[in-house]
1. Would you pick out the residues in region 1-47 that are among the β-branched types (Val, Ile, Thr) and open to solvent by 70 Å² or more (accessible area, probe 1.4 Å)?
2. Do you know which residues across region 99-119 are surrounded by 14 or more Cβ atoms within 10 Å (Cβ to Cβ) and either farther than 17 Å from Pro14 by Cβ or modelled with pLDDT of 85 or more (or both)?
3. Identify all residues within region 21-50 that are assigned to a helix (DSSP H, G or I) and in contact with a Gly (Cβ under 9 Å, 6 or more places away or on another chain); write none if there are none.
4. Search region 63-80 for residues being within 16 Å of Asp105 (Cβ to Cβ) and open to solvent by less than 40 Å² (accessible area, probe 1.4 Å), and hand back the single one that is modelled with the highest pLDDT.
5. What are the pairs, 6+ residues apart or on separate chains, where a residue within region 13-30 that is among the charged types (D, E, K, R) has its Cβ under 7 Å from a residue that is open to solvent by 40 Å² or more (accessible area, probe 1.4 Å) and assigned to a loop (DSSP other than H, G, I, E, B)?
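The values are calculated or read from the model by the stated rules, or taken from the named source; none is laboratory data. Remember, predicted model here, so these are calculated numbers, not experimental data. Glycine also receives a Cβ, built like all others from the backbone with ideal geometry; neighbour counts cover every protein chain displayed. Note: accessible area is taken over every heavy atom of the protein model, side chains too, but ligands, DNA and RNA are not part of it. Shrake-Rupley method; radii C 1.70, N 1.55, O 1.52, S 1.80 Å.
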Amino acid sequence: MQAYSALYMCEKTPTSFQLKSFWDDHGLGDDDTINLDLFRQLCDKVSDLTEEEFRESLKKFDKDNNGKISANELRSILMAQDTILGTSIADENDEAMEEIITRLDLNGDGVLDIEELTRAIMTYGDVS
C-alpha cells in the first residue's frame, strides 16, 4: 500500500491496522486511490507510535520470549502485514527470511533481536 510510504514520508508511522481501518471506513478497496482531502484526513487519524510502543507490539511475535526474532517469527510478522496490506512478502522461502535477518542484524550475532527489528522498521518503514 503506497499510503504507508506517503505517510512515512510525512513522518507518520501508522500501523497496518490504522490503514486498513481507514480504508474500510471509507469503503475503499485494495487498489483504490485517495485524493488529497482524504489523505489529509488519514494523516489526522494516524497516531504516531513511539519506539517503545512498537517494540512492545513486536514482543507479541516472540513466541519463545528470548528477545530474538527467528525466521519463523519474522514470517509471522510479515504474514500479519501481508494480511492487512494485501502483500505477499511472507510467501518468500526460508532463505529469503534468513537474508532479511542477516541484512538487519546490526550487531552481527546471527540473529535479529527485537531492538534491531524495531530500529529497522522505525527507520525504513519495512523490512523487505
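1. Filtering region 1-47 down to residues among the β-branched types (Val, Ile, Thr) leaves 13, 15, 33-34, 46.
Listed by number, the list holds a single entry, Thr33.
2. Pass one, region 99-119, residues surrounded by 14 or more Cβ atoms within 10 Å (Cβ to Cβ): 100-101, 104-105, 111-119.
Across region 99-119, the qualifying residues are Ile100, Ile101, Leu104, Asp105, Val111, Leu112, Asp113, Ile114, Glu115, Glu116, Leu117, Arg119.
3. The initial filter retains those residues of region 21-50 that are assigned to a helix (DSSP H, G or I), namely 21-25, 36-45.
Result: Trp23, single match.
4. Selected residue: Gly67.
5. Asp30/Gly86
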